[in-house]
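To start, the structure under review is shown below, and the notes come after it.
Please treat every number below as a calculation from the coordinates, not as lab data. What you are looking at is a predicted structure, and each value in this text was computed from that prediction instead of being measured. All Cβ positions, glycine included, derive from the backbone under ideal geometry; neighbour counts span all protein chains shown.
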Amino acid sequence: MDVEVCTLSGYEDVGRNMTAVRIDDEVIILDMGVSIQAISTYEREEGSTKILSSHQLMDIKAIPDDRKIDDWKNMVKAIVLGHGHYDHIAAVQFLAGKYKCPIIGSPYTLQVLKSILKDEDIKIPNKFMAVDLDDTIKISDNIKIELISMSHSTLQCAMVVVHTPKGIVLYANDFKFDNDPVLGEKPNYKRLNEIGKEGNLLVLIVECINGLVEGKTPSEKIARELLKEVLLETDTKGKAVFVTTFASNIARIKSAIEFGKKMGRKVVILGRSMFKFNEAAESLDLVNFSRDAEIIGYGGQRRRKLKEIDGNRGKYLVITTGSQGEPGSVLDKIVNKQLPFSFKEGDIVVFSCRTIPVPMNIANRDNLENALKLNKVRIFTNVHSSGHAGLEDIRDFITMVKPKNIIPSQGTRSMEDSVAKMAEGLGYKLGENIHLVSDGQRLKF
Ligand SMILES: [Zn+2]
């Protein structure tokens, strides 16, 4: 029996994740994500990507190039999605239709996907099969899929296990080890330890985004404390207070709502992506933000609300989009005078995020911060803890699950090199059982 992994996309850079695992004549696809960076870069220089064909989107590196597994196309038995971030699920609308198989993921992951498809008015033929975390589903006589609970920076994230007669393939893309995630799942260490004891882990695919960050990634609890300190211990009387974060970071939004209420302010959540991720979470009763906050996507309602906030700036706390300075976000539109709100001296903007360190985001954030500073806004940055494992977390993880082979993923070459080097310290050998790969490579085990 052969187990072969095709590292389709996401192995040379961050984003656009997709991997295929072939077990004899059956194939499992793991993730189908977009590169938001490639899409934004194209849109800034050339115009909308909406008119591009799938092949054109592949050519500009916005979605994975799955033509590299055309010979496996009829063997695909399932598409499994690890969690609901765009760089893991948002290419489903372009790619999934050609595979006659179900899409598997946790209930929230699939709900976010449905929300994206609804928003884009796209229908796909695949069936959706929700699998609860820490459950296993049989795909065929030779293959089972298991979702292991994992903390990250959105809800119901999973490490995906592909069980085969030759051993298991563990897909750890993305994760952090957070024992106090504020909301959502803790890592299922018990199961990870079992995998290590069973000694049956053939291939580990492991994210490397924080491969250059030495040490351990702090818990979401720490980010919550940082946010609490800024919001509750800064004199905000009579001033506008805006908090921006990633729309998918439901735990962070929960903390911001709680502190907004403690400040005696009305909480308003503004923005289209905020609306989508929250809608998905509320539809599964994972949160009930509508009880404590007003949630407005876009359109006339948003304009009216901002006008009201402009005249009553000391009464509201606004949670909104623009954490990366991205064009079209609420904060970007405000500073560009496209929405009826103006920042004034002493108003407060809290960036509860990090700037994703790519040139476009850095430039966008600079532009946004400069515009805010012109209005003498007080800016608080990096009120945040990452959703990705640090180098020492990855070391603990490898020690725990004892893989026979390691494929570093989700990183630039230097991030992946750093993880490979650390693994060498654990006794692995580069080229023998650590595999530094390019996109579209095939490895037989
Ligand atoms: Zn993620």
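Brief remarks on what is shown
- Taking Cα atoms only, the orientation of helix 220-233 departs from the longest principal axis of the chain by about 10 degrees.
- Shape call, the range 220-380: gyration tensor on alpha carbons, a/c limit 1.5: rounded
- Relative to the longest principal axis of the Cα atoms of the chain, helix 250-262 runs at roughly 20 degrees.
- Model label points for A363 and K118, set 7 angstrom from Cα along the Cα-to-Cβ axis, are 3.6 nm apart.
- The calculated FRET efficiency for the pair M129 and D2, based on their C-beta separation and a Förster distance of 25 Å, comes to about 0.45.
- Translational D in µm²/s for the range 331-378 (Stokes-Einstein at 10 °C, 1.306 mPa s, Kirkwood Rh from C-alpha pairs): 139
- Stretch gain in nm, segment K261-T234, where the contour uses 0.36 nm per residue and the Cα spacing is subtracted: 8.2 nm
- Rounded if a/c under 1.5, otherwise prolate or oblate - the range 110-216, Cα gyration tensor axes: oblate
- Across the range 304-313, coupling constants 3J(HN,Hα) worked out from phi with the 6.51/-1.76/1.60 Karplus curve, θ = phi - 60°, read 4, 5, 5, 4, 5, 5, 4, x, 9, 5 Hz, and Gly and Pro carry x.
- Dividing the Cα radius of gyration of the range 294-445 by its Kirkwood radius returns 1.17 for Rg/Rh.
- Beyond 27 Å in Cα-Cα separation lie the following of the pairs K261/K305; K127/K186; K61/K123: K127/K186.
- Between the range 166-216 and the range 1-62, the Cα center-to-center distance that results, in Å: 23
- Here's how it looks for V267: its modeled amide H is under 5 Å from those of E294, L317, which are all 5 or more places away or on a different chain.
- Qualifying trypsin sites (Lys or Arg not before Pro) in the range 1-109, where qualification requires a DSSP coil assignment and no more than 16 other C-beta atoms within 10 Å, comprise K50, K100.
- Derived from the Cα gyration tensor, the three semi-axes of the equivalent ellipsoid of the range 164-217 are 23, 16, 10 Å, largest first.
- Sites H55 and L212 - FRET efficiency at Förster radius 41 Å, r taken between beta-carbons, to 0.05: 0.75
- Between the range 386-445 and the range 258-336, the alpha-carbon center distance in angstrom: 39
- Length released on extending from K221 to K100, taking residue separation times 0.36 nm less the Cα-Cα span: 39.3 nm
- Between N74 and K190, the FRET efficiency estimated from the beta carbon spacing at R0 = 45 angstrom works out to 0.75.
- Label point distance in nm, R291-N200, each placed 7 Å from Cα along Cα→Cβ: 4.2
- Rg(Cα)/(2.2 N^0.38 Å) for the chain, N = residue count: 0.98
- Here each label is just a point 7 Å from Cα along the line to Cβ, and for L374 and K444 those points are 6.2 nm apart.
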